[in-house]
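Undergrad: Sharing a structure here in structure tokens format.
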Amino acid sequence: MRLWFGLAAGVSILLGPGCGPERSTATPDADPNPAVVTEFDQPQPTREGEHTFAYGPQTIYVYADPSLDREVERLLLLFEDLRAESVPITAKTRIPIGWTTLSFALDGERLVVEEPDYDNEPESRTRPDISVSLATLARQRAVLEQVGIPGQAIEFDQHVLTIRGVLERDEVMLVRVESPGGRLTGWRLTPAEGIEEADEIESLPVYAILAARPELLDAMLLPPGYLVLYAGKQLTTIVNEANEIVWDWTVDGELPRDGDAALGGGFVTDESEGRERPRPLLEPLE
């Protein structure tokens, strides 16, 4: 069962009850009645890393690393739902999902999906390869599924309160509280051993943490009240709001991945007919 909420009211994605992105861009100048196809057209890669999806008179193009084909398929399920709801997509459309925001570059009848350019001014520049967005979403989904809870969205340009120099520490701790508002996620990043009186507090955008320690984003859709510990690149412990350890790497082992490979296999083909289709990128858990 696919659960996407608020598709016709505005392009927004909810990760669970009471959870949703803070902003959504409408498209008032678009055709209010685009052609709608109710049956799912199984997309096929046109070349390695390129996938297409018919969206009314336009064609959506998605570019990502071939290892992420299964994640692209999840994204196309979202486009299927948007198409069924007659939601117009133009170059002004923005889709916040999980931690990232997808946008579209219009070239005639081609709509190319883009992500913020996380290597070069992501607040003002975008790029057509969305591999970073999809790979991070896959790892975040694995954390949420392991804990068995819906996530709470953040935005790539929101901020995390940190201790200066903590990103260079091997063992760190992330704690999420209710966001005080503004551009804060509610996450606090400190050394695992705690804060000392001489420590200086600073605020870093999520994309800066992505650049320095991408593994830290894996846990950042956990809701307020959760605490996580890292040793280097390894997420080692997840503690819930009741101060209970709900996942321990030394006991439970690596987080599971669904699909045929680490981030999923390819599209359904004649040889794989009958295989269960994937759930959307961040379907609320029951």
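Undergrad: Can you spot a residue in the stretch 159-170 that is assigned to a strand (DSSP E or B), among the polar types (S, T, N, Q) and in the same structural domain as residue 200 (by TED's automatic domain parsing)?
TA: Scanning the stretch 159-170, I find at least one residue that is assigned to a strand (DSSP E or B), among the polar types (S, T, N, Q) and in the same structural domain as residue 200 (by TED's automatic domain parsing), so the answer is yes.
Undergrad: Of the residues 147, 166, 132, 143, which single one is touching a residue at least 60 places away in the same chain (Cβ under 8 Å) and over 14 Å from the mean Cα position of the chain (by Cα)? Give the derivation first.
TA: On the way: 166 fails: touching a residue at least 60 places away in the same chain (Cβ under 8 Å); 132 fails: over 14 Å from the mean Cα position of the chain (by Cα); 143 fails: over 14 Å from the mean Cα position of the chain (by Cα).
So the residue among 147, 166, 132, 143 that is touching a residue at least 60 places away in the same chain (Cβ under 8 Å) and over 14 Å from the mean Cα position of the chain (by Cα) is 147.
Undergrad: Would you list the strands (runs of 3 or more DSSP E) that sit entirely within the stretch 175-270 and hold 3 or more residues that are of a type in the set (S, T, N, Q), at pLDDT below 95 and in the same structural domain as residue 135 (by TED's automatic domain parsing)? Before you say what the answer is, go through the steps one by one.
TA: Details: elements: 184-191, 201-205, 227-231, 234-239, 245-248.
Where strands (runs of 3 or more DSSP E) fall fully within the stretch 175-270, none carries at least 3 residues being of a type in the set (S, T, N, Q), at pLDDT below 95 and in the same structural domain as residue 135 (by TED's automatic domain parsing).
Undergrad: Any residue in the stretch 234-252 that is exposed (fewer than 15 other Cβ atoms within 10 Å of the Cβ) sitting within a Cβ distance under 7 Å of a residue that is in a helix (DSSP H, G or I)? List the pairs, counting only those 6 or more apart or interchain.
TA: Final answer for the pair search is 234/249.
Undergrad: Assess whether residue 53 counts as being assigned by TED's automatic domain parsing to the domain that holds residue 136 and either over 30 Å from residue 208 (Cα atoms) or modelled with pLDDT of 95 or more (or both).
TA: yes
Undergrad: Taking the stated definitions as given, is residue 126 more than 23 Å from residue 240 (Cα to Cα), over 14 Å from the mean Cα position of the chain (by Cα) and either crowded, with 16+ Cβ neighbours inside 10 Å or not acidic (Asp, Glu) (or both)?
TA: On the way: more than 23 Å from residue 240 (Cα to Cα): yes; over 14 Å from the mean Cα position of the chain (by Cα): yes; either crowded, with 16+ Cβ neighbours inside 10 Å or not acidic (Asp, Glu) (or both): yes.
When the stated conditions are applied, residue 126 passes them.
Undergrad: Looking at (1) free of Cβ contacts under 8 Å to residues at least 40 places away in the same chain; (2) touching a Cys at 6+ places or on another chain (Cβ under 7 Å), can you tell me which one residue 192 breaks?
TA: All conditions are met except number (2).
Undergrad: Can you find even one residue in the stretch 99-117 that is modelled with pLDDT of 95 or more, within 23 Å of residue 213 (Cβ to Cβ) and surrounded by fewer than 19 Cβ atoms within 10 Å (Cβ to Cβ)?
TA: Yes.
Undergrad: May I pose another question? Hey, among the residues in the stretch 44-64 that are in contact with a Leu (Cβ under 8 Å, 6 or more places away or on another chain) and not hydroxyl-bearing (Ser, Thr, Tyr), which one's surrounded by the most Cβ atoms within 10 Å (Cβ to Cβ)?
TA: Among those that are in contact with a Leu (Cβ under 8 Å, 6 or more places away or on another chain) and not hydroxyl-bearing (Ser, Thr, Tyr), it is 62.
The values are calculated or read from the model by the stated rules, or taken from the named source; none is laboratory data. Every value quoted in this text rests on a predicted model; they were computed, and no experiment measured them. Please note: Cβ atoms are built from the backbone with ideal geometry, for glycine as well, and neighbour counts cover all protein chains shown.
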